[in-house]
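Here's the structure, in structure tokens; my notes come after.
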Amino acid sequence: MQRSPGKKLVLVVGLVVVAAVAAGIWRHEAGGKMPATKSKQAQAQAGVPVTTAQATRGEIDLSLKVIGRAEAYSTVNVRSRVNGQLERLAFTPGSHVKKGDLLAQVDPRPLKATLDAAKGTVARDEASLTKAEADLQRYENMLGKGFVSRADYDLYKANFGVARANIESDRAAVRAAQVQLDFTTIVAPFDGITGAPLAYPGATLSADTTDIVVLNEVDPIRVAFAIPEDSLAAVRTSARRGTLPVEAHVPGDTGGPLQGELEFIDNAVDVTTGTIVLKGRFVNADGRLTPGQFAEVTLPTTRLADVVSVPVVALQSSTAGSFVFVVKADNTVEQRTVTTGATSGNRVVIDKGLQGGERVVTEGQMLLVDGARVRLDKA
């Protein structure tokens with residue numbers, strides 16, 4: 001049987017195509033692009049990028065975390081100390097004011113008139129005193145010459161004493177009237193933040209009764225919180241070592257925790273809740289804390305000495321227990337089982353399995369196995 005020339009042509013063309021594809025693949029690899037298997041091997045030799053931290057040995061404070069509430073360091077209901085009509089308000093509601101800043105003005109005219117009347121009485125009685133003193137001097141001279149009786153002299157002497165006493169009383173009345181007049185100018189007793197006005201211009205104020213505004217002192221500021229009574233002994237022990245730091249974190253605040261100090265421990269435990277109230281004092285110049293605001297409070301309770309600790313994020317869990325990846329000198333990792341202790345903030349105590357100074361992986365553990373090589377992108 002004869003073969004068709006057309007079939008031979010198809011076979012030759014097919015062989016040419018296969019050869020061309022093979023040649024293209026060879027040229028592509030020869031151009032420097034490694035196969036997938038070789039690429040993975042190179043990556044393994046380069047190491048898995050990780051972040052590490054050092055295990056430290058030393059003292060660590062155990063902390064108690066509770067919820068507290070900020071409160072003003074001082075709160076004053078500003079009132080008028082005299083009767084009168086409110087003439088004007090000199091503050092912007094919700095604004096910061098300094099000690100001595102004008103808050104409100106009471107109509108001073110009635111009290112100014114009272115002061116002027118008191119000054120007039122002083123002037124009148126000063127004239128009477130001058131006359132009484134002259135009469136006394138004259139009768140004293142005549143008494144020495146025998147021209148008047150002792151009784152007449154004693155009368156003028158008494159008149160002089162009365163006139164002098166009247167002057168002292170009048171001057172005291174002037175000082176009292178001046179104080180009352182000064183009370184018509186109402187100023188801030190301390191640096192603080194004003195609230196909403198409680199009285200408006202035109203209102204009639206009653207002395208020591210009508211509130212004008214509430215003023216809160218917020219720098220410094222306090223955070224009040226309650227702790228269980230069984231934690232009180234540890235807090236007192238820590239306080240005896242010196243100033244006890246208190247940390248407050250405001251939810252939603254990105255500025256980091258605020259640092260303060262314990263200022264107050266209440267004198268009794270609440271028998272209903274079994275807790276006792278404590279207060280921390282915080283500098284609040286930037287106004288990050290507002291009275292009434294919730295805050296998460298961290299308070300040191302016990303100090304552990306000579307312990308090894310690592311960041312909490314270094315700790316991993318498995319069915320065999322807790323472990324960490326320890327970076328060795330040759331940049332390979334060892335998966336090491338550890339026994340953990342107490343946790344303080346972002347660090348955990350390692351009771352067994354780790355030495356101070358060893359370096360552990362804190363980020364990138366998901367790509368690691370025992371013996372894997374790592375690359376310390378961050379340390």
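The values are calculated or read from the model by the stated rules, or taken from the named source; none is laboratory data. This structure is a prediction, so every number in the text was calculated from the model and none was measured. Heads up, the Cβs are rebuilt from the backbone with ideal geometry, glycines too, and the neighbour counts pull from every protein chain shown. Areas reflect the complete protein model, heavy atoms only, side chains present, ligands, DNA and RNA absent. Shrake-Rupley method; radii C 1.70, N 1.55, O 1.52, S 1.80 Å.
Could you check how much of the accessible area of the stretch 57-143 is carbon and sulfur, as a whole percent, using a 1.4 Å probe?
Values: 2550 of 5200 Å².
That fraction is 49 percent.
So if I place +1 on the C-beta of Lys and Arg and -1 on the C-beta of Asp and Glu, and nothing else carries charge, what would the dipole magnitude of the stretch 129-176 be about its Cα centre? I want it in debye, nearest 20. Walk me through the numbers before you get to the answer.
Values: 8 positive and 7 negative charges, 14 e Å.
Charge dipole of the stretch 129-176: 60 debye, to the nearest 20.
Name the long-range amide H neighbours of F190: under 5 Å, sequence gap of 5 or more, or other chain; modelled H, no Pro or chain starts.
The list, which skips near neighbours in sequence, is G100.
Please report, ordered by residue number, every helix of the chain (full DSSP H runs) that is 30 Å or longer along its axis going by C-alpha atoms and whose mean Kyte-Doolittle hydropathy reaches -0.5.
Correct list, ordered by number: 5-30, 150-182.
Using the crude model of +1 on Lys and Arg Cβ and -1 on Asp and Glu Cβ, and no other charge, please compute the dipole size for the chain relative to its Cα centre, in debye to 20.
Numbers: 43 positive and 41 negative charges, 472 e Å.
Roughly 2260 debye for the chain.
What whole-number value in Å² describes the accessible area per residue of the stretch 209-259 for a 1.4 Å probe? List each step's numbers first, then the result.
On the way: 2430 Å² over 51 residues.
Counting only protein heavy atoms, the per-residue value for the stretch 209-259 is 48 Å².
With respect to the cross-link table entries K98/K119; K99/K279; K65/K279, which display a Cα-Cα separation exceeding 23 Å? Don't jump to the answer; show the numbers that get you there.
Details: K98/K119 34 Å; K99/K279 25 Å; K65/K279 14 Å.
Distance filter (> 23 Å) returns K98/K119; K99/K279.
Can you give the relative contact order of the chain as a percent, counting alpha carbon pairs under 8 Å and 6+ residues apart? The partial results should precede the final answer.
Details: 712 pairs, mean separation 105.2, N = 379.
Reported relative contact order: 28 percent.
Note the full-extension length gain between D191 and T319 as 0.36 nm times their separation in residues minus their Cα-Cα distance, in nm to one decimal. Don't skip to the answer; put the middle values down first.
Details: separation 128, 0.36 × 128 = 46.08 nm, distance 5.91 nm.
Full extension from D191 to T319 adds 40.2 nm.
If the elastic network links every pair of Cα atoms under 10 Å, which of G195, G146, G252 fluctuates the most in the Gaussian network model of the chain?
G146
Given +1 on the Cβ of Lys and Arg, -1 on the Cβ of Asp and Glu, and no further charges, what dipole in debye does the stretch 180-240 carry about its Cα centre, rounded to the nearest 20? Could the numbers behind the result be given before it?
Working: 3 positive and 8 negative charges, 48 e Å.
I would put it at about 220 debye.
Would you work out which of G120, T290, Q178 lies farthest towards the positive end of the dipole of the chain, given +1 charges on the beta-carbon of Lys and Arg and -1 on that of Asp and Glu, about the Cα centre?
T290
When the accessible area of the stretch 228-339 is split by element with a 1.4 Å probe, what percent falls to carbon and sulfur? Spell out each step's value before the answer.
On the way: 3060 of 5970 Å².
About 51 percent, which is the carbon plus sulfur part of the accessible surface.
In whole Hz and in residue order, list the ³J(HN,Hα) couplings for the stretch 92-108 that follow from phi through the Karplus curve 6.51 cos²θ - 1.76 cosθ + 1.60, θ = phi - 60°; x for Gly and Pro.
9, x, x, 9, 7, 10, 9, 4, x, 5, 5, 9, 7, 10, 8, 3, x
Enter the accessible area per residue of the stretch 299-376 (Å², integer; probe 1.4 Å; all protein chains in place). Before the final figure, lay out the partial values.
On the way: 4040 Å² over 78 residues.
Heavy-atom accessible area per residue stands at 52 Å².
Are there chymotrypsin sites (Phe, Trp or Tyr not before Pro) in the stretch 188-281 that DSSP puts in a loop and that have at most 16 other Cβ atoms within 10 Å, and which ones?
On the way: sites: F190, F225, F264; in loops: F190.
Sparse-neighbourhood loop chymotrypsin sites (Phe, Trp or Tyr not before Pro): F190.
Do the sum for the chain: with -39,500 (n - 2.57) for every DSSP H run of n ≥ 4, divided by all residues, what is the mean residue ellipticity at 222 nm, to the nearest 500 deg cm²/dmol? The partial results should precede the final answer.
Numbers: 5 runs with 116 residues, N = 379.
-11000 deg cm²/dmol, from helical runs alone.
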